[in-house]
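Report on the following structure.
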Amino acid sequence: LRHAAVLDLGFWTYTTVVGRARTPFEPVIADRESLALSWVPVAEVDALPLHPGFGASWPALRAAIETAPHVVVDAANVVGSVPDGWWRDRAGAAERLLSSVAALAARGLDAGELGLPFARWWPRWTVVLEGEARAAAATGSVADSASVEVVRAEGSGDDAIVEAVRTALTDGRAPVVVVTADRELRTRVEALGAEARGPGWFREQ
């Protein structure tokens, strides 16, 4: 899933969902309303006799088709922001954080939280673990999620976060949001072009 746009007329709503196929496949007609179904290069869509409603919405959809938000989570900072005894079991606390991230990856974020158009977006997520938290197991929904990457930093967690941001931006993913309250880290990632949000923002989601 990439994003969803909702047309709400009060008595009737229509949702457009944009996604990217993980593997190539041939489309098959599976309803009685379609006469033909095929893949069309993005650059050729404007040349088609589009349905008026879709034609009106296509420019905004086309403008956002390459937008790929990415959220990088400073696990140590987020876990350490709540005095719930996390220091007694750092790996367990990290596992709970990973479960929360997996839930957000499945549900998506309101577009306004990312400063993006439409209704909802499904970002890629990177969670950086360091120290004892590296022993956290990525099981269940985390292991099954194609949208959540777990980085187990061998050295500095901050350096691993900066590298994750640099890689995301190099790969064309944007906007990139880093969840941390660490001032020095915020300065470093903002210098690369990312936006920093505090742990409170993450918990609100």
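The values are calculated or read from the model by the stated rules, or taken from the named source; none is laboratory data. Not measured: the values here are computed from a predicted model. Here Cβ is always computed from backbone atoms with ideal geometry, including for glycine, and neighbour counts include all displayed protein chains. The area values use the complete protein model at the heavy-atom level, side chains included, leaving out ligands, DNA and RNA. Shrake-Rupley method; radii C 1.70, N 1.55, O 1.52, S 1.80 Å.
Observations
- Residues located in the stretch 136-155, provided they are in a loop (DSSP other than H, G, I, E, B), farther than 22 Å from residue 106 by Cβ, touching a helix residue (DSSP H, G or I) at 6+ places or on another chain (Cβ under 9 Å) and open to solvent by 40 Å² or more (accessible area, probe 1.4 Å): 154
- Matching entry among 160, 133, 76 (being open to solvent by 10 Å² or more (accessible area, probe 1.4 Å), assigned to a helix (DSSP H, G or I), farther than 30 Å from residue 47 by Cα and in contact with a Lys or Arg (Cβ under 8 Å, 6 or more places away or on another chain)): 133
- Residue match in the stretch 81-88 (condition: aliphatic (A, V, I, L, M), surrounded by fewer than 19 Cβ atoms within 10 Å (Cβ to Cβ) and over 25 Å from residue 186 (Cα atoms)): no
- Test: residue in the stretch 91-98 that is in a helix (DSSP H, G or I) and free of Cβ contacts under 8 Å to residues at least 40 places away in the same chain: yes
- Given (1) open to solvent by 60 Å² or more (accessible area, probe 1.4 Å); (2) of a type outside the set (S, T, N, Q); (3) touching a residue at least 12 places away in the same chain (Cβ under 8 Å); (4) within 16 Å of residue 72 (Cβ to Cβ), number of the condition residue 101 does not satisfy: (1)
- Subset tally (residues that are open to solvent by 80 Å² or more (accessible area, probe 1.4 Å) and touching a residue at least 40 places away in the same chain (Cβ under 8 Å)) for the stretch 26-73: 1
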